[in-house]
Amino acid sequence: MKLSEHNEVVMEKFANMFIERLKAVKASDWKQGWCGKVVGQPVNLEGRQYSGGNSMMLMLDASLRNFQYPIYCTLHQANRLGAHINKGAKSMPVIFWDLMAIAPDGKKVKAETLQSLTPQDRLKYRTYPVLKSFNVFNIAETNLEEKAPEKVDAAKQQFIPTVSKDDSGMYKCEALDRMMKDQTWVCRIQNDRPAEGAFYSPARDIVIVPMKEQFKIHDSAEEIYKDGQEFYSSLLHEMVHSTGTANRLNRPKGTRFGDDAYAREELVAEVTAARVGQVLGFDKRILDNNACYCDGWINALREKPEFILQLMGDVNKASRMILEKM
């Protein structure tokens, strides 16, 4: 797909954000997660959650710029409430697909014009998708706290942390536990016996993950809680791989460990698992055996920033599939 000059700038911005995050994670010796301290889905001033790739990019923005809350608004929304955007504030693009049509006389018409026509007349028009964007600002770069405190406080309520522990003090996710117990995922999940590692077997169409107690490797209450998150992170990573089969989302697969397609699939699995973890309320760390791909991912994003659009599309499809099942 050939992108417009404006969209090329947007994709380059997104790619640079991913590169910056990957560098930070690498510098932390892989202890830092994808999203940072603030977790949960970014929202607008009305409390409506951003979806798909936009959610991930706004969370990265909040993390990279140390915003306390991933709450965003447009200039128009702020002005409507009597607020302003601070001088020097930097916006974030939010992307969406729109439909453009070509009339029989060669003129371009918007989607709403097309929708007003009869079904018979619509057939005379050629249609194609168009990538568009609009800019948003984090509330930290506005005076909305002063001008609309009740609205801001209502949006903040979505980010009150909740603690859910099992009997051993590890993080507990009831939705994923129920999925494993009832075997409602698209393939079987085996987690009831010891295993040396987590993996997805395409030949058997099965996700195998070690027992949860195998992930309990620390002593402090805080780290034990995070050990539970590592269990679900590993599970989600392998569930993502199971979405990519030919009869599901049909993503390209590598033929051997380390080739480009293999590395790409690992990035899709990493980012999707981080995206779902973000929704569940925790930050996913890059798996140790994927650390070797970090420089390759960075180089791929530098050389072809438009690759980020394909990545966001794959992440959106896989994360939606998992969240709908949950």
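Helix 260-280 and the longest principal axis of the Cα set of the chain meet at an angle near 90°. Global size of the stretch 174-325: 15.3, 44 Å for Rg and Dmax (C-alpha atoms, Rg to one decimal, Dmax whole). Taking each of 156/226; 151/226; 13/172; 13/107; 87/284 in turn, the alpha-carbon distance tops 29 angstrom for 151/226; 13/172; 13/107; 87/284. Springs between Cα atoms under 10 Å define the GNM used for the chain, and in it the highest mean-square fluctuation of 110, 37, 212 occurs at 110.
Full extension of the chain between residue 37 and residue 102 gives 18.7 nm of extra length, using 0.36 nm per residue less the Cα-Cα distance. The fraction of all Cα pairs in the stretch 47-131 landing in successive 5 Å bins from 0 to the largest distance is 3, 11, 16, 15, 12, 10, 11, 11, 7, 4, 0, given as whole percents.
Taking the helices alone, the chain has a mean residue ellipticity at 222 nm of -14000 deg cm²/dmol, built from -39,500 (n - 2.57) per DSSP H run of at least 4 residues and averaged over all its residues. Treating only the Cα positions of the stretch 117-223 as identical point scatterers, give the base-10 log of I(q)/I(0) from the Debye formula at each q in 0.13, 0.17, 0.19, 0.24 Å⁻¹. Scattering profile of the stretch 117-223, log10 relative to I(0): -0.84, -0.91, -1.00, -1.37. Pairs of C-alpha atoms in the stretch 1-74 farther apart than 14 Å represent 64 percent of all such pairs. Neighbour counting of Cβ atoms within 10 Å sorts the residues 26, 108, fewest neighbours leading, into 108, 26.
In the stretch 79-189, taking the dipole from charged Cβ atoms about the Cα centre, the farthest positive-side position among 94, 169, 118 is held by 118.
In terms of other Cβ atoms within 10 Å, 173, 294, 73 run from fewest to most in the order 294, 173, 73. From least to most packed, judged by other beta carbons within 10 angstrom and beginning with the fewest, 285, 80, 193 follow the order 193, 80, 285. Remark on the chain: Rg and Dmax equal 21.6, 72 Å (Cα only).
Could you give the distance between the Cα centres of the stretch 38-76 and the stretch 114-160, to the whole Å? Taking the Cα centre of the stretch 114-160 as reference, the centre of the stretch 38-76 is 13 Å away. Close amide H pairs (under 5 Å, H built 1.01 Å from N) link residue 50 with 43, 44, residues at least 5 positions away or on another chain.
Bear in mind that the values in this text are calculations on the coordinates, not laboratory data. Just so it is clear, the structure is predicted and the values come from calculations on it, not from any experiment. Don't worry about glycine lacking a Cβ; one is built from the backbone with ideal geometry, like all the others, and counts go over all protein chains shown.
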